[in-house]
1. Which of the residues that make up the range 33-74 are within 27 Å of Leu137 (Cα to Cα), modelled with pLDDT under 80 and among the hydrophobic types (A, V, I, L, M, F, W, C)?
2. Could you go through the range 407-429 and let me know if any residue there is in contact (Cβ under 8 Å) with a residue 60 or more places away in the chain, of a type in the set (D, E, K, R) and assigned to a strand (DSSP E or B).
3. As an exercise: evaluate Ala399 against (1) over 21 Å from Gly322 (Cβ atoms); (2) at pLDDT 90 or above; (3) among the small types (Gly, Ala, Ser) and give the number of the one condition it does not meet.
4. Kindly indicate whether Asp437 is among the charged types (D, E, K, R), touching a Pro at 6+ places or on another chain (Cβ under 9 Å) and either at negative phi or in contact (Cβ under 8 Å) with a residue 24 or more places away in the chain (or both).
5. Answer with yes or no whether Leu206 is surrounded by fewer than 19 Cβ atoms within 10 Å (Cβ to Cβ), under 14 Å from Ser240 (Cβ atoms) and either within 14 Å of the chain's Cα centre (by Cα) or at pLDDT 80 or above (or both).
6. Look through the range 209-238, keep the residues that are modelled with pLDDT of 85 or more and in contact with a helix residue (DSSP H, G or I) (Cβ under 9 Å, 6 or more places away or on another chain), and return whichever of them is nearest to Cys133 (Cα to Cα).
7. Filter the range 381-396 down to residues that are assigned to a strand (DSSP E or B) and modelled with pLDDT of 90 or more and give me whichever is surrounded by the fewest Cβ atoms within 10 Å (Cβ to Cβ).
Amino acid sequence: TYYLLVGGYQNSRLAGPFTICVSYPPTCGTPQGVGISSVTGTGANLTFIGGTPPATGYTVTVTAQGSPAGTPQANTGASGQIALIGLLPGTYYTASLVADCGAGGPSLPVVVPFRTAGPPANDGCANAQTLTCTQPLRGFFDGATAAGDPAPGTLCAAATVGGPGVWYQFTGTGDDVTFSTCGSPGVGLGGAEHRLHVFSGTCGALICVGGAANDFACTGAASTYTVATTAGTGYYLFLSAAPGTVGEFLLSATCRPAGSCPPPAAPRVVPNATGTAVTVTFGAAPGASTALVYAPLGSTAPNPSIQLSFTSPVTLAGLTPGMSYVLTMNSNCGNGSRSVPVVVPFSTVLSARTAALAALAELFPNPARGTATLLLSPALRGPAATVRLYNALGQAVRAVPVPAGAAQAVLDLQGLAPGGYLLRLPTAAGVVVKRLDVE
């Protein structure tokens, strides 16, 4: 009696069904030296040497990644090569070669993965590749263009767009779904930092759901984000990296029943008197650790600050007085299970200098409806800058250029949801931070 154990490999968190088969060794010799050569955007050559005993013919089946089945191509002969034609540029394929020995039956298959030349086939939202909970997909950035992508620097929750990227489409199942590049081959992306962005809506009108960069729970440069999906709702995933990035990644979607890993409960942030630290209290999920990821509001830095804790409270130190931050909290329930994020914006206490800067600018009316005007005293008028307005999730919802030497800036508030917003304007004297309430 023999026992077979099937398990994960290293830091892989992939989950889902698989197929295992047991059969007697065939009497037909397995092809040797199987390889891929002369790869173009639409074709390649499969080369091999016949096994022993010799076969009467060979069949190769070429399957595109994500396809349920491939198309067999027959070739008769003892050895040589088979031309693979009619392929798509920038696409991952597997070629499975089987020898046919007639009465001796077929040989064991030899499977060779390869990728056709050209930019990624999913370069652009309109060409998004379908991702499911059962089949992870390989991807790459080589040759990706920025056409149709969000502009570099666009903020989506905790992740800013880094550069050209590739697109995937996922249909909501009603589950909590974790999208992840953890477990990517090697160090993933050649070790390059990258970002994962999740949107709803349509390609022409994307709505930010959330995002992540350089996940603390993964080795190398990988990202993970969990979404409480709505059944039937379409989601778009955009992976972006710095311009010129090359390398591969493995993207997976892991579906778990909604609420199976509960998020931290009732988070509360209390600043200290000096403005350099805050204390975070929360209810931790039973048996779970809690990840606290925080960065200045509107920050484009690729590596936010991270703390892990099994208990509450937690102190976040080394903060800047008078600065607005965005804190994202997740429960980690083991086996790769992660809760949907809880986003908590907070501000540290103003230092005397920051308070003095804020006093040099007047924002009116406040509360406002329709428009608001920012008046700058002479001490704040200097080089050209941009005043930005951020919502409670840390998303930049308005950006208004301020010409050099300008005395005021007018913000159009049409279409903004009622609530509290933070305004930031960098000046030669420092960053001006003001709160604006929209009715």
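The values are calculated or read from the model by the stated rules, or taken from the named source; none is laboratory data. As the structure is a prediction and not an experimental result, all values here were calculated from the model. Cβ atoms come from the backbone with ideal geometry, glycine included; neighbour counts cover every protein chain shown.
1. The one that is within 27 Å of Leu137 (Cα to Cα), modelled with pLDDT under 80 and among the hydrophobic types (A, V, I, L, M, F, W, C): Ala69.
2. Yes: the range 407-429 contains one or more residues that are in contact (Cβ under 8 Å) with a residue 60 or more places away in the chain, of a type in the set (D, E, K, R) and assigned to a strand (DSSP E or B).
3. Going through the list (1) over 21 Å from Gly322 (Cβ atoms); (2) at pLDDT 90 or above; (3) among the small types (Gly, Ala, Ser), Ala399 breaks only (2).
4. Considered against the rule, which asks whether it is among the charged types (D, E, K, R), touching a Pro at 6+ places or on another chain (Cβ under 9 Å) and either at negative phi or in contact (Cβ under 8 Å) with a residue 24 or more places away in the chain (or both), Asp437 comes out as yes.
5. Spelling it out, Leu206 is indeed surrounded by fewer than 19 Cβ atoms within 10 Å (Cβ to Cβ), under 14 Å from Ser240 (Cβ atoms) and either within 14 Å of the chain's Cα centre (by Cα) or at pLDDT 80 or above (or both).
6. Only one residue fits best here, namely Tyr236.
7. If we take residues in the range 381-396 being assigned to a strand (DSSP E or B) and modelled with pLDDT of 90 or more, then Thr386 is surrounded by the fewest Cβ atoms within 10 Å (Cβ to Cβ).
Each row is one residue, and each column tells you yes or no for (1) aliphatic (A, V, I, L, M); (2) more than 26 Å from Pro136 (Cα to Cα).
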position: Val227; (1), (2): yes, no
position: Tyr235; (1), (2): no, no
position: Ser252; (1), (2): no, no
position: Pro257; (1), (2): no, no
position: Ala265; (1), (2): yes, yes
position: Val270; (1), (2): yes, yes
